[in-house]
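Structure, as structure tokens:
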Amino acid sequence: MNIFRLIGDMSHLLAIVLLLLKMWKTRSCAGISGKSQILFALVFATRYLDLFTAFISAYNSTMKLFFISTSLVTVYLMYFKFRATYDANHDTFRLEFLVVPVGGLAFLVNHNFSPLEILWTFSIYLESVAILPQLFMMSKTGEAETITSHYLFALGSYRALYILNWVFRYYFEGFFDLIAVVAGCVQTILYCDFFYLYITKVLKGKKLSLPA
Amino acid sequence: RPIAEGHDEL
């Protein structure tokens, strides 16, 4: 564990808590892509199956359980409890266009051709593109609530911090995982346009609106 | 990195 990874994990945690708080306080999931949230639930459910096969640390297990459970709660809130506020008309990204190619790639490019390892690889690849339905939705509506942009900033920062963690681990531990690093870089690049808008607009007190 | 050892990153 190094400082980059710890702050990265805390940023990820903060993102999830921010999203749940936003929904709970406003009793609404307006502006949030349910499709991205379904993908995140799928990401956690397929990645953390090693909870049953290996014990790393209490921290590791607690975080894994937290991510799985909160992602399921988020999907439940969006599709059941606050369904009336879900903006389905703007959430039109086709999930099969992500899940099918990513599934194929996980079969072809992985560390070890075993069920758990393929599911882990699938999860890493899927996470890198899981935010696309959310970004697509924002580009259709042309704006995002400020709390939603804070959520996205924390969520995007987490993988960027993990890149620093991988640089650190490469130099000091000789650790290098090509699959995680490439997918993590792709994931971070997808957020760059949003990061730019966040820094130039939201941090200056303006609402995040996209250029027409 | 065998899965039996688990993944230490989240």
Q: Just tell me how shielded A:5-18 is by partners: mean number of partner chain Cβ atoms within 10 Å of each residue's Cβ, no decimals.
A: 1
Q | Unit charges on C-beta of K, R, D, E only; dipole of the stretch A:119-181, Debye | A | 60
Q: Please give the residues of the stretch A:100-125, grouped as numeric ranges, whose backbone N is less than 12 Å from a label point set 7 Å along the Cα-to-Cβ vector of A:THR53.
A: A:111-121
Q.
Defining a contact as two alpha carbons under 8 Å apart and six or more residues distant in sequence, what relative contact order in percent does chain A show?
A. 31
Q | Where labels lie 7 Å past Cα in the beta-carbon direction, separation of A:CYS192 and A:ILE147 in nm | A | 3.2
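As a quick test, which of the pairs A:LYS81/A:LYS140; A:LYS81/A:LYS207; A:LYS22/A:LYS201 have an alpha carbon distance above 23 angstrom in this structure?
A:LYS81/A:LYS140; A:LYS81/A:LYS207
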(Q) Give me, ordered by chain and number, the residues 5 or more places off A:ALA144 or on other chains with an amide H under 5 Å from its own placed amide H. (A) A:LEU208
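Please rank A:ASP193, B:ASP8, A:ASP50, fewest neighbouring Cβ atoms within 10 Å first, as an exposure proxy.
The most exposed by this proxy come first: A:ASP193, B:ASP8, A:ASP50.
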Q. For chain A, with only Lys/Arg (+1) and Asp/Glu (-1) charged at the beta-carbon, what is the dipole magnitude about the Cα centre, in debye rounded to 20?
A. 720
Q) By count of other Cβ within 10 Å, fewest leading, how are A:CYS29, A:CYS192 ordered? A) A:CYS192, A:CYS29
Q: Calculate the dipole size of the stretch A:89-212 relative to its Cα centre from +1 charges on Lys and Arg beta carbons and -1 charges on Asp and Glu beta carbons; express the result in debye to the nearest 20.
A: 480
Q: Go through A:LEU105, A:LEU164, A:PHE122 and say which Cα lies farthest out towards the positive end of the charge dipole of chain A; charges sit on Cβ, +1 for Lys and Arg, -1 for Asp and Glu.
A: A:LEU164
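All of the numbers you see were taken from the coordinates with simple rules; none came from a lab. The model shown is predicted, which means the values in this text are computed figures rather than measured ones. We place every Cβ from the backbone using ideal geometry, glycine too, and count neighbours over all the protein chains shown.
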